[in-house]
Amino acid sequence: THPHNTYMEILSELGILGIITFLFLILIFIKKTFKVLKKSNDISMLMLSSLILFILIPILPSGSLFSSYNGGIIFYFISSYIAILKLNEFIK
């Protein structure tokens, strides 16, 4: 029903444009993470960003991203990361 790799699933379901967009969003995520960590040593940002990057390692097998429990967890961590980013911008 699905390939056991996040990147292969995105490639098979969304095509070349989908995987390019996904990789572009990951690069933006990494750039933003380094920018935030350079400004402040927020441990919650470090933990969430390292967890998200660990989940998205291309070598590791995974379940379906769009229709499984694993996808829900990934999207929960990403939304928590964005909420903490916005909270840090609001406080400063």
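Coordinate-derived values only; no laboratory data. What you see is a predicted model, and the numbers here were worked out from it, not measured in a lab. Positions of Cβ are backbone-derived with ideal geometry, glycine not excepted, and every protein chain shown enters the neighbour counts.
For the chain, what's the radius of gyration and Dmax over Cα atoms, in angstrom?
Cα only, the chain: 14.3, 46 Å (Rg, Dmax).
Which FRET efficiency value, to the nearest 0.05, do you get for Ala83 and Ile16 by plugging their Cβ-Cβ distance into 1/(1 + (r/R0)^6) with R0 = 30 Å?
Computed FRET efficiency for Ala83 and Ile16 comes out at 0.45.
Provide the three semi-axes, in whole Å and in decreasing order, of the ellipsoid equivalent to region 46-92 as defined by the square roots of 5 times the Cα gyration tensor eigenvalues.
24, 12, 6
If the chain between Asp42 and Leu23 were fully stretched, how many nm would it gain, using 0.36 nm times the residue separation less the Cα-Cα distance?
Extra length available between Asp42 and Leu23 comes to 4.3 nm.
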